[in-house]
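Laboratory data are not the source of any read-out in this text; all were calculated from the coordinates shown. These numbers were taken from a predicted model, which means no experiment stands behind them. Positions of Cβ are generated from backbone atoms using ideal geometry, with glycine treated the same way; all protein chains shown enter the neighbour counts.
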Amino acid sequence: MTSPPKYNEAIAWLENRIHYETFQAIPYAELENRLGAFRDLVECLGSPDRKYAIVHVAGTKGKGSTCIFLEQILHQAGYCTGRFSSPHLHSLMERFTIGGVPCEESHFAEIVFDLKNRVEHWENTHFPLTWFELTTLFAFEYFARQKVEIAVVEVGLGGRLDSTNICQPAVSIITSISYDHVAQLGPTLADIAREKAGIIKSGVSVVSGVCQQDPADTIHSIAVSRGAPLYEWGRDFSSQLCSQGSDSPLVFDFVTQSRHWKQLESPVWGEHQTRNASLALMTGILLEKQGWKISEETVRRGLQSTRLPARIEICSRNPLVIVDGAHNRESVRELIKTLKTHGPNEQGRKILLFGSMLDKDNEGMLQELIRFFDWIIFTQPSGNPRALAPRKLYEQAVSHKPGIGEVIPDTNLAFAKAKALAGTDDLICVTGSFYLAAEIMASDSFVRKETPSWNQGIVPGHLSSAALEKHQVDCGIARNSDSNEHRDGP
């Protein structure tokens, strides 16, 4: 489908900006003095982020999954729910969803051109906005115009200096802390936690999935200093895996001091997702205390309707094809743990397509991967300046395990080779980067086959215009309304 000219013009204007996601090294210190001015700009534009409630989500891993779980629970509760997240897989519009439905290109173009002159006028006396600052501004404005009642907003990088951190949330979430972006956030887990905990606001409840002592202590200290009630996984609430099969949903229990929800089901893979889901459930309980109406039945429907693209996603079988966006050592460990428990039988061959970015812990990831996979095809997403040359990844791997794989830079050819190598009982896994996952899934050699009936929830980025129209009617949204009025909240 051809995009409308105005949309292409809007994208061109955006792509002309500094885009840190494409930088080989992100100059994090440069963000230090930008947030206050960005807040002033948003206020000059009418403070669209104040026209609905916000749940703000930071963390090293699990952010995206937790956001989608929570979005679906709130949507099933009947609330018009926005979600701003990153990165996207196939279309920029996936970053701005309402009830799981991506923004329409026509809406994007309309709002961008409404904002363009005012933004450029502001920039004349301040500084040029970055690509991410502009997408953050767009998300806030889009949700206001579409009259969302609550938005789930994911941090882009860190937390303290992130452009999303101008918001005043109803609840904050910190999903996890592990080693990633250490050049920007600091060399220790406590340093990283300090940056993530920068989203904690005075008096605003915080839900944390962080368990390691040092980062947990850091988050606790900051929460106490800001008078923010802290709810920790393993202390105030917990989740327990009940069952997970290769052809059955994830089943788990969720427990707080006052609630015990048994046999919750979700069509996702991986025990770690029970923790991500429980963060969303605990947040729902806190929102309920603020007046939002979220029942156990709503929670169950929300979990059952959740799909997590490129997060240990089963794309086809015989051979089993799994795509996962793991891009640090801890996420790779979770992937391998899941594959060992629920993957192919021991006789099957395990083939990996791996590509990563320059700024990741590639040595750490490879040490985990070479112990599990039989053959690794090293490749790279095209056109991404941050992508690490696959030859370098190959050299790192063979220094530990000679004869472990081969280099095929072209992702389409790499996946075609994996299919040629794999028998019906084998496994093909794609991991190392969401950028790689997206490119593989869009390649000519990739064919998605029907997933099991239990795995048929909402797929962000794959909904029809008819589904969008139905959702807008449900939310009381006029398709081309430019009204900034916000209907009453809970």
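Here is how the numbers come out for the structure above:
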| quantity | calculated |
| --- | --- |
| Dipole magnitude (debye, nearest 20) for the range 313-441, charges at Cβ of Lys, Arg, Asp, Glu | 120 |
| The range 346-360 - phi-based ³J(HN,Hα) in whole Hz, Karplus 6.51/-1.76/1.60, Gly and Pro as x | 4, 6, x, 7, 10, 10, 10, 9, 10, x, 8, 9, 4, 8, 9 |
| Restraint check, Lys6/Lys63; Lys360/Lys419; Lys337/Lys360, Cα-Cα greater than 23 Å | Lys6/Lys63; Lys360/Lys419 |
| Entry for semi-axes √(5λ) of the Cα gyration tensor in Å (calculated from the structure that is shown) out of (i) 33, 26, 24; (ii) 56, 25, 19; (iii) 44, 29, 21 | (i) |
| Test item: Cα-centred dipole of the range 5-307, Lys/Arg +1 and Asp/Glu -1 on Cβ, debye | 680 |
| Built amide H within the under 5 Å cut-off of Val407, gap 5+ | Phe378 |
| Whole-angstrom gap from the range 78-145 to the range 203-252, using each part's C-alpha centre | 30 |
| Listed peptides 269-277, 84-92 by packing density, highest first (mean Cβ within 10 Å) | 269-277, 84-92 |
| Additional length obtainable on full extension of the chain from Lys289 to Trp13, 0.36 nm per residue less Cα span | 95.1 nm |
| Distance in nm between pseudo-label sites at Ser225 and Leu358 (7 Å out along the Cβ direction from Cα) | 3.4 |
| Mean Cβ count within 10 Å, highest first, over the residues of peptides 314-320, 397-403 | 314-320, 397-403 |
| Estimated [θ] at 222 nm from DSSP helical runs (n ≥ 4, -39500 (n - 2.57)) normalised by residues in the chain, nearest 500 | -11500 deg cm²/dmol |
| Long-range HN-HN contacts of Cys211 with modeled amide H, under 5 Å | Ile177 |
| Proxy reagent accessibility, fewest Cβ within 10 Å first, across Met93, Met365 | Met93, Met365 |
| Sorted peptide list for 134-140, 2-8, criterion being average Cβ within 10 angstrom, highest first | 134-140, 2-8 |
| FRET E, pair Glu395, Lys6, Förster distance 45 Å, beta-carbon r, rounded to 0.05 | 0.45 |
| Under 5 Å, built H, 5+ apart or other chain: amide partners of Leu353 | Ile377, Cys429, Val430, Thr431 |
| Top positive-direction residue, dipole computed over the chain with Cβ charges, set Thr164, Leu115, Phe252 | Phe252 |
